[in-house]
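The values are calculated or read from the model by the stated rules, or taken from the named source; none is laboratory data. Keep in mind that what you see is a predicted model, and the values were worked out from it rather than measured. In this analysis, Cβ positions are derived from the backbone assuming ideal geometry, glycine residues included, and neighbour counts consider all displayed protein chains. Heavy atoms of the whole protein, side chains included, go into the accessibility calculation; ligands, DNA and RNA do not. Shrake-Rupley method; radii C 1.70, N 1.55, O 1.52, S 1.80 Å.
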4 protein chains.
Amino acid sequence: MSQKRQEIIKIAAALIESKGYENTKLSDILEAAAIGKGQFYHYFSSKHELGLEVLDYFYEIFDREVLEGILSSKKSPEAKINEMLQWVLENHTSKQARCGCIFGNIALELSEHDPAFSKKVREVFDKWIDKLSIVLEEMARGKEGSSCVEVAQGVVALIEGGIMIMKNKQDIKVLEDILTLARRMIATS
Amino acid sequence: MSQKRQEIIKIAAALIESKGYENTKLSDILEAAAIGKGQFYHYFSSKHELGLEVLDYFYEIFDREVLEGILSSKKSPEAKINEMLQWVLENHTSKQARCGCIFGNIALELSEHDPAFSKKVREVFDKWIDKLSIVLEEMARGKEGSSCVEVAQGVVALIEGGIMIMKNKQDIKVLEDILTLARRMIATS
Amino acid sequence: MSQKRQEIIKIAAALIESKGYENTKLSDILEAAAIGKGQFYHYFSSKHELGLEVLDYFYEIFDREVLEGILSSKKSPEAKINEMLQWVLENHTSKQARCGCIFGNIALELSEHDPAFSKKVREVFDKWIDKLSIVLEEMARGKEGSSCVEVAQGVVALIEGGIMIMKNKQDIKVLEDILTLARRMIATS
Amino acid sequence: MSQKRQEIIKIAAALIESKGYENTKLSDILEAAAIGKGQFYHYFSSKHELGLEVLDYFYEIFDREVLEGILSSKKSPEAKINEMLQWVLENHTSKQARCGCIFGNIALELSEHDPAFSKKVREVFDKWIDKLSIVLEEMARGKEGSSCVEVAQGVVALIEGGIMIMKNKQDIKVLEDILTLARRMIATS
DNA sequence: GATGAATGAGCGTTCATTCAT
DNA sequence: CATGAATGAACGCTCATTCAT
């Protein structure tokens, strides 16, 4: 994979994360990347393709850091949950509650009319719920309770909804409170 | 208020709910309402103004049916919670899990660059959390537990996140499961 | 002539004088006159017709006050010239150098593509030059000098050009200086 | 500067000179230049920007040919005046008295509502009066008379007013007569 | 590989005028 | 007489994409 191509993806990712896909114009990307139109269309067949690559880029980070790095580690399930929630909080704290979740944003912005984006986002949520569900399973050994998949889905939904409200209020405290509830949801499941 | 104006708002509301604000072109609205450009601008000063009216339109329904009709009724808090969750489920079932929550959609689509939309959405969430929190207070009399406001916020986040995932998966079952968790979140708070 | 019609002309005249013909929208006129579209089109067949009436309205004032009231009076030619120049200065002083000459404005704004406007403006200038020329003739009895018509035309041109520069600079002093030169131009002709 | 850009400016200049700024539609320019909308907006950010460039284009010609080429030359003041007046006459003769003065036209069409245009026109008039005043000063050494600046302003006003009347009458003779008066105004100052 | 000039369908908006009541 | 809803052509402008060099 060309290095320039990766650089373009990274630059576009930052723009799309903070401004949204439609609202990030190709000219914004070209300017930020300091390249011409010809170079862009040499690396990508369309803005749409770049968008999918950007989604992949975010997915790779999320997969490496959270799904693999945290949820698939050798630590105790409790520690894994803790670290995941901590990761979420830190991620949005560093962006000052401004960006929202890129997957949720894309889900709502483009899912409806673009099956390719929709599919990718669905895979992210599915995999997240799946991995989380396995961790919950570890915790739940021998205990009664709801289906771990459903709880995992609930935790993801709670986090996504929390991020949405946090972004709308521009207040990181919303997310902190939500994560506390996520902990309890897991504990009482 | 003119009847035609109301009709345009209603038609636009349906389009915006299912396609999003930016992706609903003025020409879509004109075609659906069978009117000309001039007539549109006779009733509205801009697409933006229409968008705000559409948000008001949804808020009025939500306020009348849920915030006032259900959460402010004389029934038991348990019944009110039940009816609210039921309303949410029915609302999205009737739309076949296709639209998502109009407030959440707008929140993510426009919050960032349009303060007017952002403010209206914030008010909806705030009022919903506030009313729900009062109901939770009624239920919690004498009991220990988390702050009702935070739990209410969590319930709203859970529902919003659940609707987002439901829409992305195009599967109403997601929402059913999420609402079950919402019940438990309230019960164990 | 209907009184309402006259009222509309007067209101439109004020708007057109200060904002120009094209830049005065029909809706501005309707609002200022507090009438509906139907009433307007009852009295006038088009904006264009109103424009011509407005030009007539200004011409009537100019004719009554200057061409007849001053230039055709029984006073000495010197007094008549003096009063005419004084009238010009007072007219623009009261409007704070903001409007320019309505005839000059229309001449430049519409002459090119609208023969009807062009013709009316031409008549105003012709009649002004003509009347002024007669006064100059009275003064010149027995003296040598340029043709009075040409001097009259020069005085009118000087005044119009002076008003143009005055408006552009938004400075009434320009006009004062110009009128001094007009006096000398007449004296030395 | 791109050659195409210059070509567009030149074509637009001819249209705007003869039809006015507002009355020259973008589509007229595109058609005359045989280009598409996209190309236009590749070179200019707006019609407004083009308008200012067109004004600059005319100013450069005027500055090079008249302000510098004639008024700042080493010839006698009398010759300079003569050549300037001759330039004005030839300029309008070649355009068959149809266009008027572009600076005067813009002054009256846009001065009021567009400060950028107004400022540029003001600078043209100021510089013209200034340069002319210096020439008049040369002529006046040792003689009594009015302030040269005021006379210069009067000459410019006379010319501008004369062009206006010439355009309205579509008759170059008006301008010839006016220029004769301008000569006398200078001689008797 | 790389440039940026060129394309053109589509956007939201304006506004004089017409027409049903 | 009067209303104001309705029309629709035209406007300036956007922007992803294509193409000649």
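Tabulated data for the structure shown
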item	result
Cβ-vector label at 7 Å, C:Ser73, separations to other copies in nm	4.9, 8.7, 10.0
Difference of contour (0.36 nm per residue) and Cα-Cα distance, D:Lys119 to D:Ser18	34.2 nm
Å² of accessible area per residue within the protein assembly as shown, as computed with a 1.4 Å probe and no ligands counted	44
Partner chain coverage, peptide B:116-128 - average Cβ within 10 angstrom	2
DSSP-assigned coil residues among GluC sites (Glu not before Pro) in region C:143-189, each with at most 16 further Cβ atoms within 10 Å	C:Glu144
Rounded to the nearest 10 Å², the accessible area of A:Trp87 at probe 1.4 Å	50
Nearest-0.05 FRET efficiency for A:Glu49 and D:Glu78, computed from C-beta distance (R0 60 Å)	0.25
Net dipole in debye of region D:47-187 [+1 Lys, Arg Cβ; -1 Asp, Glu Cβ; about Cα centre; nearest 20]	380
Kyte-Doolittle mean at least -1.0, axial Cα span of 30 Å or more - DSSP H helices of chain B	B:115-140, B:148-169
Chain C: relative contact order in percent, alpha carbon pairs under 8 Å with at least 6 residues between	20
Fraction of accessible area attributable to carbon and sulfur, chain A (%, probe 1.4 Å)	51
Vicinal HN-Hα couplings computed from phi for region D:36-46 (Karplus, 6.51 cos²θ - 1.76 cosθ + 1.60; Hz; Gly/Pro x)	x, 4, x, 5, 4, 6, 6, 8, 10, 7, 6
Whether region C:5-99 is rounded, prolate or oblate, judged on the alpha carbon gyration tensor where a/c under 1.5 counts as rounded	prolate
Filter on D:Lys37/D:Lys95; B:Lys47/B:Lys119; D:Lys95/D:Lys119 - keep pairs with C-alpha separation over 24 Å	D:Lys37/D:Lys95; D:Lys95/D:Lys119
Beta carbon of chain A nearest to the axis of the rotation taking A to D, residue and angstrom distance	A:Gly38, 3
Gained length - C:Ile172 relative to C:Gln6, 0.36 nm times residue gap less alpha-carbon distance	56.7 nm
Region A:92-189: C-alpha gyration tensor shape, a/c 1.5 cut-off, then a/b vs b/c	oblate
Label 7 Å beyond Cα on the Cβ vector: A:Glu90 copy-to-copy distances, nm	4.7, 8.0, 8.4
For region D:79-115 and region C:126-189, distance of Cα centres in Å	20
C/D buried area, accessible surface, summed, 1.4 Å probe, Å²	3500
For A:Tyr43, solvent-accessible area (1.4 Å; no DNA, RNA or ligand), Å²	60
R0 of 56 Å, Cβ-Cβ distance C:Gln96-B:Arg64: FRET efficiency to nearest 0.05	0.50
Inter-chain Cβ neighbour average for residues B:105-111, partner chain, 10 Å	6
Listed residue pairs exceeding 22 Å between alpha carbons, taken from C:Lys75/D:Lys169; C:Lys120/D:Lys173; C:Lys127/D:Lys169	C:Lys75/D:Lys169
Helix-only [θ]222 nm of chain A, DSSP H runs n ≥ 4, -39500 (n - 2.57) each, per residue, nearest 500	-24000 deg cm²/dmol
Other-copy label distances relative to D:His42, 7 angstrom Cα-Cβ extension, nm	1.9, 4.3, 5.6
Shielding score for B:176-182, defined as the mean number of other chain Cβ atoms within 10 Å	5
